[in-house]
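What follows is a single structure, written as structure tokens, with notes after it.
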Amino acid sequence: MNIQLINHGTEGELLLDGRLDSMTAPETEEIFGQMAERFASLTLNMEKLEYISSAGLRALKILHMTMRKKDGTLVLTHVNKMVMEVFEMTGFAGLLKIV
């Protein structure tokens, strides 16, 4: 999993590339936490995210709760069909803001 940051001042955009699974989730969760502290608004660009597992969903849920707690915003963009199906099956599609 590669994560690239694009800094837009108070908004950060993270470009996710690869697989968000049990192997990559711990490091990704740490990066998400750092970005949640740094930015008032985060966008996760998932155009190149190939796969997400339950460990990846956990990392997203923690990020969502962290951003909500600080009255920040979290937006997911360019979610591919396979990842969107996982979000829909697990209820994440109703929890997260996906555009």
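General observations
- Estimated purely from DSSP H runs of n ≥ 4, each contributing -39500 (n - 2.57), the mean residue ellipticity at 222 nm for the chain is -13500 deg cm²/dmol once divided by its residues.
- The value for the chain of Rg(Cα) / (2.2 N^0.38 Å) is 0.96.
- For segment 10-66, the spread of Cα positions along the three principal axes, ordered from largest to smallest, is 28, 20, 15 Å.
- Of the trypsin sites (Lys or Arg not before Pro) in segment 1-95, the ones in a loop by DSSP (not H, G, I, E or B) with at most 13 other beta carbons within 10 Å are 70.
- Pairs of lysines in the chain whose Cα atoms sit within less than 21 Å of one another amount to 10, provided the residues are eight or more positions apart or on different chains.
- Computed from phi, the 3J(HN,Hα) profile of segment 85-90 under the Karplus parametrisation 6.51, -1.76, 1.60 (θ = phi - 60°) reads 4, 5, 4, 5, 5, 9 Hz, with x in place of Gly and Pro.
All of the numbers you see were taken from the coordinates with simple rules; none came from a lab. Since we're looking at a predicted model, the values are computed, not measured. In this analysis, Cβ positions are derived from the backbone assuming ideal geometry, glycine residues included, and neighbour counts consider all displayed protein chains.
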